[in-house]
Amino acid sequence: MDKRHFDVELDQLREKLVMMASKVENLINYSIEAIRKRDATVAEAALAMDKEIDRMEIEIEEAAISLMARHQPAAGDLRFLVGAIKINNDLERIGDHGVNIAQSAALLASVPEIKVLADIPWMAGLAVSMLKDSLDSFISGDPEKAREVCSRDDQVDELKDQILRVVLTFMMENPNFISGGMTLILVARNLERIADLATDISEEAIYIYQGKVIKHGAEKQSEEGSVNR
Amino acid sequence: MTGTHHGIVASSNKVEIRSLDFFYGKFHALKSVTMSVQRNMITALIGPSGCGKSTLLRCLNRMNDLIPGASAKGEVLLDGSDIYDPSIEVAELRKRVGMVFQRPNPFPLSIFSNVVYGLKVAGVRNAARLAEVAEQSLRAAWLWDLLKDKLDHSALELPMDQQQRLCVARLLAVQPEVILMDEPCSALDPIATMKIEELMLELKKNYTIVIVTHNMQQAARVSDLTGYMLLGEMIEFGDTNSLFTKPSKKLTEDYITGKYG
């Protein structure tokens, strides 16, 4: 006997998630490129990409729920389906942040270019690489890679705070720049959220493949608890 | 009570049951049951013990005729023709609509003889033809590779799940159109059950299957359509996914969530 029908359906769900992840990565890269190139025209295209991502989110969620209702999965299969539902939601939210960034690109293109922009591409690069690596860790079943992604989130948070300080200072000195500055802060905020969601995806990958819950420092707390006993 | 039906397309009906009432003497076992069995799909009947699901199943090939005092009112249409019409040849009906029972019941004969029994009864004597059909049927039941070198062995030596699959092969040899299965996995362990379920999913490509099961998780796993019965009535019938994720009736929800029965 070959694979179970259930395994075939699980594979199909995994493929759909991979496809959705690919669309989300494309949207984020597209939106960030628009910031770099000061391209005002991308917002509409980004919205269309996001609509497709939203459609896929619903399709994947319904498929996962159906599999759980019909097959009462246990162990790794159950963890995969629970993780898939969460990763699916995370991907959809990342898509929304991509749209926000694309819309910000349109706004930034209409104001003079400002040197303070310099750290945004760097932050974008970090967030995008976290996203890519978190998705890889899920697709290829690499919990160590997932843990490594989680360790990079603090750096992105610090960079966001740094950008916020620099932009605020610039806005106070250059009131004409307030509109552009607010938009830059929003872009930084969206990139920070993308990095957070990439961390969530990594945590879910660790749960799927190792059955461990590491969010909110749970793993560290449980280790400390065992040491203190 | 009229049951709730989700998304049934009339043109794909292999079997239609219309306002079927069934009595064991004075006992009203089925109450105005209406449902459709669609071609090349697995339809499951679930419900607590005594709800009438096996009675309904046996109506589909008139096995209930064998019970003294049993009577039916209403229609059961196979490809549009009423199987309770007096002109119907019941033996012929039971070739078209075959049945697999709860306990595997291979005959105390060789594996080969079990498979070709129905053909021989129908008068087929050509050895080449019998061998050909035996191989096809055993392949369809995923038994050929396992048993091809011991076709002369007693069927009773086989483990339970292979005995059950042999019963399926025996059925397939007479080329049925509909396969009725009355709790086919009750006597089997979980691995054997899984093999039978996988076989059913394969068989539905070529046959229409109706299964009665007291294991509603089995119904959820294998079936395309599910009917929930209670006290002789069809409470809800429709797409399995819908029934197990968002049933329309509270009675259905209570049963599938374990609050009742």
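Couple of notes before you dig in:
- Residues in segment A:137-183 that are more than 30 Å from A:Ile114 (Cβ to Cβ), of a type in the set (S, T, N, Q), without any contact (Cβ under 8 Å) to a residue 40 or more places away in the chain and part of a helix (DSSP H, G or I): A:Ser140 only.
- Some residue of segment A:65-73 being more than 14 Å from every other protein chain (Cβ to nearest Cβ) and not acidic (Asp, Glu): no
- Some residue of segment B:47-55 being modelled with pLDDT under 95, at positive phi and not basic (Lys, Arg): yes
- Any hit, segment A:101-111, residues being at pLDDT 90 or above and of a type outside the set (A, V, I, L, M, F, W, C): yes
- Here is the figure for segment B:180-220: residues that are away from chain A (no Cβ under 14 Å) and closer than 21 Å to B:Glu132 by Cβ total 2.
- Residue in segment B:118-128 that is on the phi > 0 side of the Ramachandran plot and not aromatic (Phe, Trp, Tyr) present: yes
- Of the candidates A:Glu52, A:Glu62, A:Glu44, the single residue that is assigned to a helix (DSSP H, G or I), within 14 Å of chain B (Cβ to nearest Cβ) and out of contact with any Cys (no Cβ under 6 Å at 6 or more places or on another chain) is A:Glu62.
- Boolean, B:Thr226 is among the polar types (S, T, N, Q), touching a strand residue (DSSP E or B) at 6+ places or on another chain (Cβ under 9 Å) and outside any helix (DSSP H, G or I): yes
- Among the residues of segment A:139-172, those that are touching a Gly at 6+ places or on another chain (Cβ under 8 Å) and either within 12 Å of A:Leu191 (Cβ to Cβ) or surrounded by 17 or more Cβ atoms within 10 Å (Cβ to Cβ) (or both) comprise A:Val167, A:Phe170, A:Met171.
- Strands (runs of 3 or more DSSP E) fully within segment B:10-84 counting 1 or more residues that are out of contact with any helix residue (DSSP H, G or I) (no Cβ under 7 Å at 6 or more places or on another chain) and surrounded by fewer than 21 Cβ atoms within 10 Å (Cβ to Cβ): B:13-24, B:27-38, B:70-78
- Test: residue in segment B:221-243 that is buried (at least 24 other Cβ atoms within 10 Å of the Cβ), of a type in the set (Ser, Thr, Tyr) and away from every other protein chain (no Cβ under 11 Å): yes
- Scanning segment B:167-175 finds no residues that are without any contact (Cβ under 8 Å) to a residue 60 or more places away in the chain, away from chain A (no Cβ under 14 Å) and within 18 Å of B:Ser54 (Cα to Cα).
- Boolean, A:Asn29 is within 19 Å of the chain's Cα centre (by Cα), at pLDDT 95 or above, under 24 Å from A:Asp133 (Cα atoms) and part of a helix (DSSP H, G or I): no
- Residues in segment B:173-203 that are closer than 22 Å to B:Gly123 by Cβ and out of contact with any strand residue (DSSP E or B) (no Cβ under 8 Å at 6 or more places or on another chain): B:Ala173, B:Gln175.
- Pairs where the first residue, in segment B:217-241, is without any contact (Cβ under 8 Å) to a residue 12 or more places away in the chain and the second is outside any strand (DSSP E or B), C-beta under 6 Å, 6+ apart: B:Gln217/A:Gln72; B:Asn241/A:Ser66
- Residue in segment A:106-113 that is out of contact with any Asp or Glu (no Cβ under 9 Å at 6 or more places or on another chain), more than 14 Å from chain B (Cβ to nearest Cβ) and part of a helix (DSSP H, G or I) present: yes
- Within segment B:244-254, restricting attention to residues that are within 14 Å of another protein chain (Cβ to nearest Cβ) and not in a loop (DSSP other than H, G, I, E, B), the residue that is nearest to B:Cys51 (Cα to Cα) is B:Thr252.
- Looking only at segment A:1-22, residues that are surrounded by fewer than 16 Cβ atoms within 10 Å (Cβ to Cβ) and away from chain B (no Cβ under 14 Å) come to 7 in all.
- Any hit, segment A:49-67, residues being surrounded by fewer than 17 Cβ atoms within 10 Å (Cβ to Cβ) and among the basic types (Lys, Arg): yes
- Every listed requirement among (1) farther than 17 Å from B:Ile196 by Cα; (2) buried (at least 19 other Cβ atoms within 10 Å of the Cβ) is met by B:Lys148 save one, (2).
- Of the residues making up segment B:194-234, just one is of a type in the set (Phe, Trp, Tyr) and touching a helix residue (DSSP H, G or I) at 6+ places or on another chain (Cβ under 6 Å), namely B:Tyr228.
- Pick from segment A:26-84, criterion free of Cβ contacts under 8 Å to residues at least 12 places away in the same chain and in contact with a Ser or Thr (Cβ under 9 Å, 6 or more places away or on another chain), ranking: farthest from B:Leu243 (Cα to Cα): A:Glu62
- In segment B:176-207, residue farthest from the chain's Cα centre (by Cα) [restricted to those that are closer than 27 Å to B:Glu253 by Cα and polar (S, T, N, Q)]: B:Thr193
- Taking the criterion of being part of a loop (DSSP other than H, G, I, E, B), crowded, with 16+ Cβ neighbours inside 10 Å and over 14 Å from the mean Cα position of the chain (by Cα), the only residue of segment B:85-122 that qualifies is B:Pro106.
The values are calculated or read from the model by the stated rules, or taken from the named source; none is laboratory data. None of these values were measured; they are calculated from a predicted model. Because the Cβ atoms are built from the backbone with ideal geometry, glycine has one as well, and the counts that use them run over all protein chains shown.
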